[in-house]
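Peer 1: One structure, as structure tokens, below. Some questions next.
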Amino acid sequence: MGGVEDDEPASKRMKLSSEALIHLSNGSTVKESIVGSSRDLMARPPQSDGGEEVVGSKGVIKKVEFVRIIAKALYSLGYIRSGAHLEEESGIALHSSIINVFMRQVLEGDWDESVATLHNIGLTDEMIIKSASFLILEQKFFEFLDEEKVMDALKTLRTEISPLCINHGRVRELSLSIVSPSHCFTVRSPKQNTSRARSRTKLLEELQKLLPPTVMIPERRLEHLVEQALGLQRDACMFHNSLDEEISLFADHQCARDQIPSYALQVDANGISLKHKLSGHQKPVSSVSWSPDDHQLLTCGVEEVVRRWDAPSGECLSVYEKAGLGMVSCGWSPDGKWIFSGVNDKSISLWELDGRELECWKGQHTLKISDLEITSDGKQIISICRETAILLLDREAKVERFIEEDQTITSFSLSRDNRFLLVNLLNQEIHLWSIEDDLKLVSKYRGHKRTRFIIRSCFGGLEQAFVASGSEDSLVYIWHRGTGELIEALPGHSGAVNCVSWNPTNPHMLASASDDRTIRIWGLNNLSAKQKDTHGNGIHYCNGGT
Amino acid sequence: MGRLFVITLEGSVYSCNHCHTHLALLDDIISKSFHCRHGKAYLFDKVVNITVGEKEERMMMTGLHTVVDIFCVGCGSIVGWKYESAHEKTQKYKEGKFILERFKVLGPDGSNYLVNHDAMVSGSDADNA
């Protein structure tokens, strides 16, 4: 047993091992992630690839690596005998003998021996040897302190740790912890007991991370590979829109189309009645937004004033204006304590609710027609500052970043996690930008029509995996965000669809507003769902209220 | 109607004489020596707030060109055309540029242009480079 013998039919040998594995594992199945089914593994003899054996239909998996990570997984699952048996039967050792020695020494606390072994492993990078030695000696140091052997600890620090000449800051912290024991608690992560040393298993894990993966295989490597594959399957699933879809390892994951809203549930204003008419604006109202607590409304007249209203009573609470200038956009702070507004002299102003101006950014910060948004942490204000550029203004750090496009920008939409921006362009393209660290163009979406109006788009669906947009051809467009593929173009409206809004808590519901004066609510095409609002023959139109 | 997306220009602006939507800047004029049925026309490097019509082959004073008519986004009235391609080499300089009919726009000083009925120009185009 052991030794790869080429004259023995390889397929037969492999067949034996797989069966034997299943045999030993106490009735529970061994989880194997294989490219291609396990049937393939048994049927095809492994090809020699310049001396290295490979498995799988694509010939990219090295057999030795494959067996080692399976053995590692068996050990992690607690199947020690199975793991040992696999190593024995395949002749492939999980770790070289010297590593096994090293691991044993670390777990048993033979510090000096383990440091010596470290040097014998055959690592080429000096820094790794030093960092690993440092970790081991640090453990030795803390274990001495826990046993109240202060002099021994001090000796270790002086004669063994310091001469390594690395991590001087840490060395200082260590010396401080001798002098002031209480200080030590803040220095290290808190332990459940008063022991200052961490567990030796934890130390081994830290060492594992330092050493090259070929020398010491990382923990949970097989699980990580499987999760990666499942993640890729999920990302590639274009219709994935339901939480209760469980992903099985036995078949590639693919949702059916029926999870995307595609059926107009409601078109008329059934069950909705007029509560208040908010009068006061002298010019057309260009935007309306709810306060974070849903009790107030903020409205903006085109180049006029911004008004704050109490929703339950319909009363106007405040008017925000600037002499000789007109407001062009408005928004709430995430905590509802202040509001901000774009002005037609290109500046952006911040106001206290009572009307006092808090701050004003003068200069080219916004345009007459521009969206104005704020990230949910209240830090960044976003607006279109030039025809082809969007400004991301960090209020606190006073830093300005710019998204530059080649085409004129008509509108944009911020994702709920503040990481992405959907930018609508004059040339009928929608661009997805990542705005978290570096500003990067991630995807483009095409298909909808825009020639005259501001057409809005939004994120939506489970984990905001979809992009939806209105269009001048009366259709509602839905793309899969990851792949950029157009999934649906929903007919129904009889005029340009100006904007869409995906229900933030229900991934199966979407609303759209159109020039045909209706708002449509879209849901799943599941006719068995209770429809208490529809009339006998379905849907009828009604002119929207005032 | 939905909310129109219009770009606001700064400087000396030519605008649509029906709805006053900004169309182009004085600085972007390449040539003033063009003609159309209604009289004078200017060649502009850049025009905003317009939509385009279908491509057409038109025989102009300087030869065959592929053009698209351009319309103001505000009111939809036709304001001129855009040269998509020119068939003759000497006319290539017009490609991608726009013609605004002087009759259809308000000048930067707000002035309108009165059609000269006497000088019935026989065709459109001109400015032989």
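The values are calculated or read from the model by the stated rules, or taken from the named source; none is laboratory data. The structure displayed is predicted, hence computed values, not measured ones. Neighbour counts run over all protein chains shown; Cβ positions are idealised from the backbone, glycine included.
Peer 1: Given the condition in contact with a Gly (Cβ under 8 Å, 6 or more places away or on another chain) and of a type in the set (Phe, Trp, Tyr), answer yes or no: does some residue in segment B:40-58 qualify?
Peer 2: No, the conditions are met nowhere in segment B:40-58.
Peer 1: In the set B:Val68, B:Val47, which member is surrounded by fewer than 20 Cβ atoms within 10 Å (Cβ to Cβ), at pLDDT 95 or above and away from chain A (no Cβ under 12 Å)?
Peer 2: B:Val68
Peer 1: Out of the residues in segment A:416-434 that are more than 14 Å from every other protein chain (Cβ to nearest Cβ) and among the polar types (S, T, N, Q), state the one that is surrounded by the fewest Cβ atoms within 10 Å (Cβ to Cβ).
Peer 2: In this case the residue turns out to be A:Ser434.
Peer 1: Of all the strands (runs of 3 or more DSSP E) wholly in segment A:306-403, which have at least 2 residues that are closer than 23 Å to A:Phe453 by Cα? Walk me through it before giving the result.
Peer 2: Values: elements: A:306-310, A:316-320, A:327-332, A:338-343, A:348-352, A:357-361, A:372-374, A:380-386, A:389-394.
Qualifying strands (runs of 3 or more DSSP E): A:327-332, A:338-343, A:372-374, A:380-386, A:389-394.
Peer 1: Any idea which residue in segment A:435-456 is nearest to A:Gln380 (Cα to Cα), counting only those that are within 14 Å of another protein chain (Cβ to nearest Cβ) and assigned to a loop (DSSP other than H, G, I, E, B)?
Peer 2: Filtering segment A:435-456 for residues within 14 Å of another protein chain (Cβ to nearest Cβ) gives A:448-456.
In the following step, the residues that additionally are assigned to a loop (DSSP other than H, G, I, E, B) were identified as A:448-452, A:454-456.
Values: A:His448: 30, A:Lys449: 31, A:Arg450: 29, A:Thr451: 30, A:Arg452: 30, A:Ile454: 24, A:Ile455: 24, A:Arg456: 21 Å.
Within segment A:435-456, the match that is nearest to A:Gln380 (Cα to Cα) is A:Arg456.
Peer 1: While we're here: Give the residue that is surrounded by the most Cβ atoms within 10 Å (Cβ to Cβ), with candidates limited to residues of segment A:180-219 that are among the β-branched types (Val, Ile, Thr) and modelled with pLDDT of 80 or more.
Peer 2: Per the stated criteria, the residue is A:Ile217.
Peer 1: Restricting the search to segment B:33-60, which residues are under 11 Å from the mean Cα position of the chain (by Cα), farther than 26 Å from A:Asn427 by Cβ and among the basic types (Lys, Arg)?
Peer 2: B:Lys40
Peer 1: Among the residues of segment B:1-14 satisfying the criterion of being out of contact with any Pro (no Cβ under 9 Å at 6 or more places or on another chain) and more than 7 Å from every other protein chain (Cβ to nearest Cβ), which is nearest to A:Asn498 (Cα to Cα)?
Peer 2: B:Leu9
Peer 1: Taking B:His20 and the conditions (1) on the phi > 0 side of the Ramachandran plot; (2) within 11 Å of another protein chain (Cβ to nearest Cβ); (3) surrounded by fewer than 18 Cβ atoms within 10 Å (Cβ to Cβ), which numbered condition does it fall short on, given that it satisfies the others?
Peer 2: Only one criterion is unmet by B:His20, namely (2).
Peer 1: Looking for whichever is at pLDDT below 90, touching a Lys or Arg at 6+ places or on another chain (Cβ under 6 Å) and of a type in the set (Asp, Glu) here; the options are A:Glu108, A:Glu52, A:Glu126, A:Glu32. Which one fits?
Peer 2: A:Glu52
Peer 1: Next question. Which residue is surrounded by the most Cβ atoms within 10 Å (Cβ to Cβ), if the candidates are limited to segment A:364-377 and must be away from chain B (no Cβ under 14 Å) and farther than 15 Å from A:Cys300 by Cα?
Peer 2: The selected residue is A:His365.
Peer 1: Please go through segment A:104-133 and pick out each residue that is assigned to a helix (DSSP H, G or I), hydrophobic (A, V, I, L, M, F, W, C) and surrounded by fewer than 18 Cβ atoms within 10 Å (Cβ to Cβ).
Peer 2: Step one: of segment A:104-133, the residues assigned to a helix (DSSP H, G or I) are A:104-108, A:111-120, A:126-133.
Adding the requirement that they be hydrophobic (A, V, I, L, M, F, W, C) leaves A:106-107, A:111, A:115-116, A:118, A:127-129, A:132.
Of everything in segment A:104-133, those that are assigned to a helix (DSSP H, G or I), hydrophobic (A, V, I, L, M, F, W, C) and surrounded by fewer than 18 Cβ atoms within 10 Å (Cβ to Cβ) turn out to be A:Leu107, A:Ala116, A:Met127, A:Ile128.
Peer 1: Would you be able to say whether some residue in segment A:76-93 is surrounded by fewer than 14 Cβ atoms within 10 Å (Cβ to Cβ), among the aliphatic types (A, V, I, L, M), over 20 Å from A:Thr201 (Cβ atoms) and outside the structural domain of A:Leu174 (by the TED database)?
Peer 2: no
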